[in-house]
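No value in this document is a laboratory result; all are computed from the given coordinates. What you see is a predicted model; the values in this text were computed from it and never measured. As a convention, Cβ positions derive from the backbone with ideal geometry for all residues, glycine included, and neighbour counts pool all protein chains shown.
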Amino acid sequence: MSQENSDFNTALGIKSERSEDGVCEMTLDVDARHMSIAQRVHGGVFFTMLDTAMGSAVASTLEEGRGCATIEAKINYFRPVQQGRIRVIARCVNKSRRTAYTEGEVLDAEDRLICKGTGTFMLTETMTQKEREGG
């Protein structure tokens, strides 16, 4: 199962529209489960979508069986969303032997910029990694 089709994303309603050649696009139809107590989409929903899409963009550039893990991610929020469909587009901007740098943006149904994010990912030899031992 690919990251973008995980049970976690399915439970949130996040749908993968494409993930290839260093680009990933996902959509979400907003409903009550996505709202904060202020009755707008919770910032964590946007962060989840960006992190997942940016990681999927990186993964789409890797050989079969390899994976990646988020080292650092940052997000800037610009406007709230209360309804409709949101879309995230993420791109792998630069990849070295061990890390990848990504950028992504979330747009509302009218293609207005909701937030932007960046992320750095560690490239791994396998898709899954064991927990680190020790401290």
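Where Lys and Arg each count +1 and Asp and Glu each count -1, what net charge lies around E110 among other residues with Cβ under 13 Å from its Cβ?
Numbers: positive: R79, R85, R87, R112; negative: D108, D111.
Overall, the nearby charge balance is +2.
For region 94-100, backbone phi angles converted through the Karplus equation (6.51, -1.76, 1.60; θ = phi - 60°) give residue-by-residue couplings of 8, 9, 10, 5, 10, 9, 9 Hz, Gly and Pro being listed as x. Each listed q (0.16 Å⁻¹) maps to a log10 I(q)/I(0) for the chain, found by the Debye formula over equal Cα scatterers with no solvent: -0.77.
Calculated mean residue ellipticity, 222 nm, the chain: -5000 deg cm²/dmol, from DSSP H runs (n ≥ 4) at -39500 (n - 2.57) each, averaged per residue and rounded to 500.
Put a plus charge on the Cβ of each Lys and Arg, a minus charge on the Cβ of each Asp and Glu, and nothing anywhere else: the dipole of the chain about its Cα centre is then about 360 debye. Stretched out straight at 0.36 nm per residue, the stretch from Q82 to S36 would grow longer than its current Cα-Cα span by 15.6 nm. Here region 78-102 is scanned for amide nitrogen atoms under 19 Å from the site 7 Å beyond the Cα of E63 along Cα-to-Cβ, giving 95-100.
Geometric descriptor of region 31-96, per residue, is 118 Å³ (volume of the convex hull of the Cα atoms).
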